[in-house]
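Notes follow the structure.
The values are calculated or read from the model by the stated rules, or taken from the named source; none is laboratory data. Everything numeric here is computed off the predicted structure, so don't read it as measured data. Every residue, glycine as well, gets a Cβ built from its backbone with ideal geometry; the counts of neighbours run over all protein chains shown.
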Amino acid sequence: MPRFKSSHLLVAESGADREGHGLRRTMGLFQLVCFGVGAIVGTGIFVGLSDSVAQAGPGVVVSFLLAAATCVFTAFAFAELGGAIPVSGSSYSFAYAGLGEGTAFLVGWCLLLEYGVSVSAVAVGWSQYVNELLDSLVGLHLPTALSAGPGEGGVVNLPAVIVIAMAAVLLVRGVRESARATAAMAVLKLAVLVAFIAIGFTAFEDGNLTPFSPTGLAGIGAGTTAAFFSYIGFDAITTAGEEAKNPRRDIPVAILVCIGLVTLLYCAVALAAIGAIGGDAVGGRPAALSYVVNQVTGSTVGGGVIAFGAVVAIASVVLAVMYGQTRILMSMSRDGLIPRVFEKVSPKTSTPVAGTLIVAVVFALPAAFAPLDAVVNLCTIGTLATMAVVNITVIALRRREPGLARTFRVPLYPVTPLLGVGFCLYLMYETGATTWIQFAGFLAVGIALYLLYGRRSSRLAAVTPTDAAEPVREAV
């Protein structure tokens, strides 16, 4: 496996931090926060809440807090690395700088689960609320054959394909347009969730919270793994490193603000939903938030508003996560680890048009034909593995590059990143043996691809020993 002498050299050689890469710096702090909220708040709370409640009952609030703790520890790591290495590759670029090319390739491979596969899962969840919205507006449902995959009694999930196509069209038009759309959708879905909380608490009854943990600690643990899916996407903020106006300052702030805001929101939504109608009524129910509002108000109008908010919210997640996926693939392509087509940026729109269209086509296929449950656990374990590596990277770079400019430093180092690793490993364990076997197979395929293609085509492999001994210190 190719070796390197300096994290600075790796970042410089990848080309990710150089001016003239074709991307434009147009995103300020507000846009970054909205982008983070856009990437996080969607299927996990609008669709996945019922699964978490089914596992943990009212104790799902604890599950959300534990999942948030995992994210907070890792958010500190992302904040430090995002400010020190403000490039588009997110976890991939951080691992490249701190742990080497081979590890970075596997991180990039796992990010296909976090970003790419989650797009498919999120798009599938979008279909549920499209049907709920149509039902509330005109009393109609899309035919099952066209709104669900074969595993759910249908033929093709057409709405899932449509939302991916719409996101792709917006992304190729330009990052400024995408950022504006994401900001508008983020504000709208936050308003809808705040309205849901207000409605739910009007019918709140203490008795609906007992028993608080009907399945004990095991249920809360399983609920935590399910709840974690609701937080996937906060690290997408770091993929905007090359398009943020002041990435060293704004990226750390945006990450921490997003985690705090989303955690408060999720806990309040869970309490409002369960307090209004009880955990048994919420657990396992499709489009649960609309159902809660319908039950509380005795009308389908409120549920229709929630369904509309969910349609917008989930569409914004597809947009933000697809953005992150294309930027990660761009970084890997610039390092020579995947085909060069992914690094090409259109001079007209300053976006990776070809890479975006390829991503849309590839991930529309599982969205069209696979059920949501088939990918959630695999997506979760891949994300947790990536987050564990990011925490380890903080430790590696602190030891080898103590002089690296850091606009934010992880507090209570090294305890915080070690706790981040520990929480990630615990939640990975909770995904179950079947998911571990699937993940092992997925990693095996990634290793084979690296050895057969990535290692041979790598730009780092072409660096001579003399070159590698002369790090470009000013690059980061």
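Restricted to region 19-112, the set of helices (runs of 4 or more DSSP H) holding at least 3 residues that are surrounded by fewer than 24 Cβ atoms within 10 Å (Cβ to Cβ) and within 17 Å of the chain's Cα centre (by Cα) comprises 60-84.
Scoring E243 on the criteria (1) in contact with a Gly (Cβ under 6 Å, 6 or more places away or on another chain); (2) modelled with pLDDT under 85; (3) buried (at least 18 other Cβ atoms within 10 Å of the Cβ) leaves a single failure, condition (1).
Beta carbons closer than 8 Å, at least 6 apart along the sequence or on distinct chains, pair a first residue in region 223-237 that is on the phi > 0 side of the Ramachandran plot and buried (at least 24 other Cβ atoms within 10 Å of the Cβ) with a second that is part of a helix (DSSP H, G or I) and modelled with pLDDT of 80 or more for G233/G36; G233/I40; G233/V317; G233/A320; G233/V321; G233/G324. Please tell me if G260 is within 17 Å of F76 (Cα to Cα) and surrounded by fewer than 16 Cβ atoms within 10 Å (Cβ to Cβ). When the stated conditions are applied, G260 passes them.
Take A168 and decide whether it is modelled with pLDDT of 85 or more, in contact with a Phe, Trp or Tyr (Cβ under 9 Å, 6 or more places away or on another chain), of a type outside the set (S, T, Y) and crowded, with 18+ Cβ neighbours inside 10 Å. No.
When region 407-444 is filtered for residues that are without any contact (Cβ under 8 Å) to a residue 12 or more places away in the chain and aliphatic (A, V, I, L, M), the ones remaining, listed by number, are L412, V415, A433, I437, A440, A444.
Does T74 qualify as being in contact with a Phe, Trp or Tyr (Cβ under 9 Å, 6 or more places away or on another chain) and polar (S, T, N, Q)? Spelling it out, T74 is indeed in contact with a Phe, Trp or Tyr (Cβ under 9 Å, 6 or more places away or on another chain) and polar (S, T, N, Q). Determine, yes or no, whether A69 is over 24 Å from L451 (Cβ atoms) and in contact (Cβ under 8 Å) with a residue 24 or more places away in the chain. Yes. For region 452-476, enumerate the residues that are modelled with pLDDT of 85 or more and closer than 29 Å to T74 by Cβ. Matches in region 452-476: G454, R455, S458.
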